[in-house]
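Undergrad: Could you have a look at this structure, given as structure tokens, before my questions?
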Amino acid sequence: MMATNEDNSLPNRHTLYMATSGGCKSQAMGLNPEVKEAQRVIFWDPHNVYKAKHYSSLVTFAKELKKATAKDKFRIAYHGKISSEIFNEFCRLVWSVADGRKITYVCIDETAEVTDSIGKDKTPLGEMARGGRKYGLRVHVTAIRSAEIPKTIYSQCMIKWIGVLSSTSDAKVAADYLRIPIDQILDLELEMAKKNKGIPDNKPKTAMFYVKSPGESTQLKTFKTKKTPL
């Protein structure tokens, strides 16, 4: 099956969340109001982070996804075995139910675990990133480093949330996109440490991200984390 009801007027709202391990990128994706208030959400959730109806069998997930997309509202997730082959099939399933008349969010956690190339992405994920906009798909992905994800994903995600980064090279790339001094990004680690005084680094209660959308200036967003980020 293929995506249906092409609509070229739909905007590109693909979003990338990038931060080091413990930098709250999964929290940022789940607590983003755009995702939180969405009516139709599909999760690649291998670590069972998000609040949704989870399925560990891809076969069962496929059947339930088809049923779910007949409804106006659903949150469905796959959290079974992880491999690039399984992930590609997950993306094909998503593509098969895409409908330009219905906005559907596709939230993919820890993208680097299941992508094999950092160049031009010719996989089903790359197809969703390049053409999904016209079929109502809004792809949201999390990653630790820009060097670990396909360039297609980095370039096609027009909205970027940049948190604490462990690599200066990543900070340089992010600073260029955000149009802010690199020191502002590098200083986020210290700022978050101040906000979370006395709290272990892997369990921060307050997260901080620079957010840039097309046509808008970069904003610093600070938010409280939750046990389940949805």
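The values are calculated or read from the model by the stated rules, or taken from the named source; none is laboratory data. Remember, predicted model here, so these are calculated numbers, not experimental data. Cβ sites come from the backbone with ideal geometry, for glycine too, and all protein chains shown count toward neighbours.
Undergrad: For the subset of region 159-191 comprising residues that are part of a helix (DSSP H, G or I) and in contact (Cβ under 8 Å) with a residue 40 or more places away in the chain, which member is nearest to Y210 (Cα to Cα)?
TA: Once the filter is applied, the top-ranked residue is L178.
Undergrad: Then there is this: For T218, state whether it is touching a strand residue (DSSP E or B) at 6+ places or on another chain (Cβ under 8 Å), closer than 22 Å to C107 by Cα and β-branched (V, I, T). Walk me through how you get there before you give the answer.
TA: Working: touching a strand residue (DSSP E or B) at 6+ places or on another chain (Cβ under 8 Å): yes; closer than 22 Å to C107 by Cα: no; β-branched (V, I, T): yes.
Judged against the criteria, T218 is not a match.
Undergrad: If I filter region 11-33 down to residues being in contact (Cβ under 8 Å) with a residue 24 or more places away in the chain and assigned to a helix (DSSP H, G or I), which single residue comes out as nearest to C157 (Cα to Cα)?
TA: M29
Undergrad: Let me ask something else about it. Scan E85, E64, E89 and give me the residue that is surrounded by fewer than 20 Cβ atoms within 10 Å (Cβ to Cβ), among the acidic types (D, E) and in contact (Cβ under 8 Å) with a residue 24 or more places away in the chain.
TA: Answer to the check: E89.
Undergrad: Something else now. Within region 105-112, is there a residue that is of a type in the set (S, T, Y), at pLDDT below 95 and buried (at least 19 other Cβ atoms within 10 Å of the Cβ)?
TA: yes
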